[in-house]
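Colleague: This is the structure I want to talk about, given as C-alpha cells.
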Amino acid sequence: MSKKTTRKYMLALPLTAITLAVSSAYAAPVVGPSDLSFYDATPVAGGNHGDLIAYRSTTVNVGDDTLGTKAWTVKYQSTNSKGTSNVVTGTVIVPTDAWTGAGPRPIMSYAVGTHGLAQPCAPSFQLNKGTDYEAANIRAALKAGYAVLVSDYQGYTNNSVPTYLAGASQGHAVLDIVRAATQLTDAGLTATAKTVIWGYSQGGQSAAWAGQLKSTYTPSMNLVGVAAGGVPADFVTTADVLDGSAGASFLFAGIIGLSQEYPDLIPINSLTNPVGQTTIARGKTECVFEALFDLMNHNLAEYTLNNQSLHQIEINTPSTVTAMKAQDLGGDKVSVPLYQYHGQADEFIPLNQAYLLKRKYCAKFSDVTFDLFPSEHIATQFQGAKYALGWLGDRLAGTATKGSCSSTLPDPVSTANPGGGNFIVSLKSWPLTASVGLKTLAQTVYMPAASSFTADTDITAKTLKGSLFVPDFKQSLKILGIGSQVGMRITPVGDTTGTATLDNNGILKVHGAAYADITITSLSGIPFGDCKTQTPVKFPLDFEGPVSSLGNGGLTFTGSTSFPMIKGCIISGILSAFMSGSGQTYSFTVAPPAPVRY
C-alpha cells in the first residue's frame, strides 16, 4: 500500500487500534503545579494512551452546595485523529458519599458539547468557576452515584487551539480519561467498573465516536451503554445547514478546529480574506454563547478569499471535503446498547442526517433506541437529560433493551425554523402545572392537567410572545365553612409578552406577564351568571437561571398578584369578599412534553 493510499485510508476510516511502545523513560504520574503551567502540553516520552501524566486537586461547582465531591484536574496521554500521541486535560469528579450499589462505583465519561475555542472556555476551567452550562447534567449523574469524568478534548493546553469536531480525536479523549482516572490513587476507581458514556451535540458526536472505537481502542473497558444526542453524523450536510444560519458559529469553529487537525487538507490561511483572518483571531478568544451571537446568520463567503461560498470551496479545494467526511459516523457499529436522541425542531444539527445514522447503526446491530423530542437544539439537550440518564441507569442495572430498530413509524419530519433567521426557542403546547393560593380562604386552586403554554422565545430580538390554555374546571373549596364545587374559567386576555435573553454564561432571563379573566361559572353545580373579575388579573412571569432549566424540571414562575373585584352576578359581593384583593400567590411551571420513540 502506498503512502498516499495509507493516508486516504486513515482519513476515511479513522484509527481504531493504537499500540504505543512503552519506554523506560516514561515517568509515573506526578502532582502538577497549581498555576496555568499545569496546562503545558509536555511531550510524552513513551507510554500508552490513557496514561496519567499529572494531576492536582481542584474544586468544582455544579450548582448544589449539599453535593459532596472530591475532584482533580488531570493531564493524560491520548491520540489524535491521525494516530499521533497527544496530551489532553480534563476533570475527574467523585461523590464523597459511599457507593452502596453492586460492584465498584460506576464511571461516566461525560462528553461535553461546544464550549468555545478560548482556553478559559474549557470544562476544567468552567467547572472550577461554577459557570459550566452543562453543570445540571453532570450534577444529576453525580447524584446517581457515578464518578463523572469530563475531558476537555484536544487543544485546551497552553499555546494550542482545540481541534473542534475532529471526531476520532474526541472519541479517543473520552475513552482515555477513564483509564487515566483509575490511576488516581485517592479516587478509588477501578478499571473493571461498569462504565457509560453520555454526550450531546459535539458531545454526542464524541460519544458515538467513542462507542465505535471502543472495541479495538480500549477493548478491556467494561462499557455497558452509550447515550448520544443531537449528533452531527454527516459533516457536509450539517455544514450546509449551518452556513448563513443562526448556528453559523458552529460551522466557523468547526472549520478552525479541523484546520488544526488537518492543516494540509484545510489550509485555512490561504482560504481566508483579511476579514476572515480577523474573525478567526476573534473566534479563538470567544466561548460558545458569545460566538453564537457574534456570527449568527453570517455566510462563510464573507470570510473567504474571493468570497468563495462553502460549495465553491468544496469544489475548488476538494481536500476540505476529505477532512469533513473523515468525521462522518456510522461506518462501524457501536458495540454496546446505544441511546440516540434528537430534537424535531433542531435548527442547528439536521434531523434527517441523525435519523439516517440510526438506520446505519441498526443495519449493523439492533440495540439502538431513538427518541425524538419536540424542541430545538439547545432545549433538547436538557429535555433529553433525564431520559438519557434513566436509560443508562437501566444498562447499569443489567436491564435488557431491544432498542427501536424495528419501529414501523415513518421517518420523522423536521419542524425546525428555516435557517438565516433569529434564534428562536419555541414552546409548543408545553404542559403547564399551575396553582393559585387564595389568601382570604387560605386554600389553593389547582389548574387541570390539560393546561398548556405556547410561546416563541426570540433570543435574538430578546422578546417573548405566547399564550396560556386552561380548560374549564371545577375545584373543591370551603366557603363559610361549607364545601362547594366551584366551576372556574380562566380566559387569557391578549398575548403573554415580555423579554427573553441568554447571556454569555448560559443564563436565561425571562421577564414578562400573562393577563387573564377569571370567571366563576358555578357554585355547587348552580350557575349564577357572569361572575368575572372586573379587569384582567396580571401574572408577572420572571425567571432567571441556567438554560438547562428548559429541560430539567422546566421553567417555574412564582409570585403574588392582586385579584380585582368580581362583578356580573347575584353573588358577586360574596365571591369578592373571599377571592379578591392583594396577596394572592401563584406558581406556574412549564415543562417539555415527553419524547416519541422511533
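Colleague: Between a residue in the stretch 540-563 that is closer than 22 Å to residue 504 by Cα and any residue that is among the basic types (Lys, Arg) and part of a strand (DSSP E or B), which pairs come within a Cβ distance under 6 Å, given they are 6 or more apart or on different chains?
Modeller: 544/509
Colleague: Name the strands (runs of 3 or more DSSP E) wholly within the stretch 430-502 that hold at least 1 residues that are touching a Pro at 6+ places or on another chain (Cβ under 7 Å), assigned by TED's automatic domain parsing to the domain that holds residue 547 and surrounded by fewer than 18 Cβ atoms within 10 Å (Cβ to Cβ)? Steps first, please.
Modeller: Numbers: elements: 443-446, 452-458, 463-469, 473-479, 482-492, 496-502.
The strands (runs of 3 or more DSSP E) meeting that bar are 463-469.
Colleague: Going by the structure shown, is residue 98 without any contact (Cβ under 8 Å) to a residue 12 or more places away in the chain and assigned by TED's automatic domain parsing to the domain that holds residue 348?
Modeller: yes
Colleague: Name the single residue that is nearest to the chain's Cα centre (by Cα) among those in the stretch 71-94 being of a type in the set (Gly, Ala, Ser) and surrounded by 24 or more Cβ atoms within 10 Å (Cβ to Cβ).
Modeller: Result: 90.
Colleague: Report the residue count in the stretch 97-120 for those that are buried (at least 24 other Cβ atoms within 10 Å of the Cβ) and within 17 Å of residue 200 (Cα to Cα).
Modeller: Total meeting the criteria: 8.
Colleague: Okay, moving on. Against the conditions (1) surrounded by fewer than 17 Cβ atoms within 10 Å (Cβ to Cβ); (2) closer than 18 Å to residue 470 by Cα, where does residue 516 fall short? Just the number, please.
Modeller: Among (1) surrounded by fewer than 17 Cβ atoms within 10 Å (Cβ to Cβ); (2) closer than 18 Å to residue 470 by Cα, the lone unmet condition for residue 516 is (1).
Colleague: While we're here: Does at least one position in the stretch 159-167 carry a residue that is assigned to a helix (DSSP H, G or I), free of Cβ contacts under 8 Å to residues at least 60 places away in the same chain, surrounded by 24 or more Cβ atoms within 10 Å (Cβ to Cβ) and on the phi < 0 side of the Ramachandran plot?
Modeller: Taking every residue of the stretch 159-167 in turn, none turns out to be assigned to a helix (DSSP H, G or I), free of Cβ contacts under 8 Å to residues at least 60 places away in the same chain, surrounded by 24 or more Cβ atoms within 10 Å (Cβ to Cβ) and on the phi < 0 side of the Ramachandran plot.
Conditions (1) closer than 30 Å to residue 145 by Cβ; (2) of a type in the set (Ser, Thr, Tyr), marked per residue:
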{"site": "402", "(1), (2)": "yes, no"}
{"site": "406", "(1), (2)": "no, yes"}
{"site": "411", "(1), (2)": "no, no"}
{"site": "427", "(1), (2)": "no, no"}
{"site": "454", "(1), (2)": "no, yes"}
{"site": "465", "(1), (2)": "no, no"}
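Colleague: Among (1) farther than 24 Å from residue 426 by Cβ; (2) aliphatic (A, V, I, L, M); (3) surrounded by fewer than 14 Cβ atoms within 10 Å (Cβ to Cβ), there is one condition residue 594 misses while meeting the rest; what is its number?
Modeller: If we test residue 594 against (1) farther than 24 Å from residue 426 by Cβ; (2) aliphatic (A, V, I, L, M); (3) surrounded by fewer than 14 Cβ atoms within 10 Å (Cβ to Cβ), just (1) comes out false.
Colleague: From the list 216, 195, exactly one residue is surrounded by 23 or more Cβ atoms within 10 Å (Cβ to Cβ) and among the β-branched types (Val, Ile, Thr). Which is it? Please lay out each step first, then the result.
Modeller: Values: 216 fails: surrounded by 23 or more Cβ atoms within 10 Å (Cβ to Cβ).
Criteria check complete, one pass: 195.
Colleague: Go through (1) modelled with pLDDT of 95 or more; (2) surrounded by 24 or more Cβ atoms within 10 Å (Cβ to Cβ); (3) of a type in the set (A, V, I, L, M, F, W, C) for residue 235 and report which single condition fails.
Modeller: Evaluating residue 235 over (1) modelled with pLDDT of 95 or more; (2) surrounded by 24 or more Cβ atoms within 10 Å (Cβ to Cβ); (3) of a type in the set (A, V, I, L, M, F, W, C) leaves (2) as the failure.
Colleague: Continuing with the same structure: So for the stretch 167-176 (the condition being closer than 21 Å to residue 60 by Cα and within 18 Å of the chain's Cα centre (by Cα)), does at least one residue qualify?
Modeller: Taking every residue of the stretch 167-176 in turn, at least one turns out to be closer than 21 Å to residue 60 by Cα and within 18 Å of the chain's Cα centre (by Cα).
Colleague: A follow-up question, please. Show the residue pairs that are 6+ apart or on different chains and have beta-carbon atoms under 7 Å apart, the first residue being within the stretch 45-70 and without any contact (Cβ under 8 Å) to a residue 24 or more places away in the chain, the second being of a type outside the set (Phe, Trp, Tyr).
Modeller: What qualifies is 45/23; 45/25.
Colleague: Same structure, new question: Just checking, does the stretch 228-237 include any residue being of a type in the set (Gly, Ala, Ser) and either out of contact with any helix residue (DSSP H, G or I) (no Cβ under 9 Å at 6 or more places or on another chain) or within 18 Å of residue 271 (Cα to Cα) (or both)? Quick ask: steps written out before the conclusion?
Modeller: If we filter the stretch 228-237 for residues that are of a type in the set (Gly, Ala, Ser), which is where we start, we get 228-230, 233.
Add one more test, that the residue is either out of contact with any helix residue (DSSP H, G or I) (no Cβ under 9 Å at 6 or more places or on another chain) or within 18 Å of residue 271 (Cα to Cα) (or both), and what stays is none.
No: the stretch 228-237 contains no residue that is of a type in the set (Gly, Ala, Ser) and either out of contact with any helix residue (DSSP H, G or I) (no Cβ under 9 Å at 6 or more places or on another chain) or within 18 Å of residue 271 (Cα to Cα) (or both).
Each row is one residue, and each column tells you yes or no for (1) modelled with pLDDT of 95 or more; (2) within 21 Å of residue 561 (Cβ to Cβ).
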site: 426; (1), (2): no, no
site: 435; (1), (2): yes, yes
site: 455; (1), (2): no, yes
site: 458; (1), (2): no, no
site: 465; (1), (2): yes, yes
site: 483; (1), (2): no, no
site: 488; (1), (2): no, yes
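Colleague: Going by the structure shown, is residue 522 loosely packed, with under 15 Cβ neighbours inside 10 Å and either of a type in the set (Asp, Glu) or part of a strand (DSSP E or B) (or both)?
Modeller: no
Colleague: Still on this structure: Run down 253, 228, 301 and say which single residue is farther than 29 Å from residue 507 by Cβ and at pLDDT 95 or above.
Modeller: The conditions single out 301.
Colleague: Would you mind stating whether residue 242 is touching a residue at least 60 places away in the same chain (Cβ under 8 Å), over 30 Å from residue 195 (Cα atoms), within 29 Å of the chain's Cα centre (by Cα) and buried (at least 20 other Cβ atoms within 10 Å of the Cβ)?
Modeller: Spelling it out, residue 242 is indeed touching a residue at least 60 places away in the same chain (Cβ under 8 Å), over 30 Å from residue 195 (Cα atoms), within 29 Å of the chain's Cα centre (by Cα) and buried (at least 20 other Cβ atoms within 10 Å of the Cβ).
Colleague: Residue 314: farther than 25 Å from residue 168 by Cβ and assigned to a helix (DSSP H, G or I), yes or no?
Modeller: So residue 314 fails the test.
Colleague: Among the numbered criteria (1) crowded, with 20+ Cβ neighbours inside 10 Å; (2) closer than 20 Å to residue 154 by Cα; (3) not aromatic (Phe, Trp, Tyr), which single criterion is violated by residue 285?
Modeller: Among (1) crowded, with 20+ Cβ neighbours inside 10 Å; (2) closer than 20 Å to residue 154 by Cα; (3) not aromatic (Phe, Trp, Tyr), the lone unmet condition for residue 285 is (1).
The values are calculated or read from the model by the stated rules, or taken from the named source; none is laboratory data. Note that the structure is a prediction, hence the values are computed from the model and not measured. In this analysis, Cβ positions are derived from the backbone assuming ideal geometry, glycine residues included, and neighbour counts consider all displayed protein chains.
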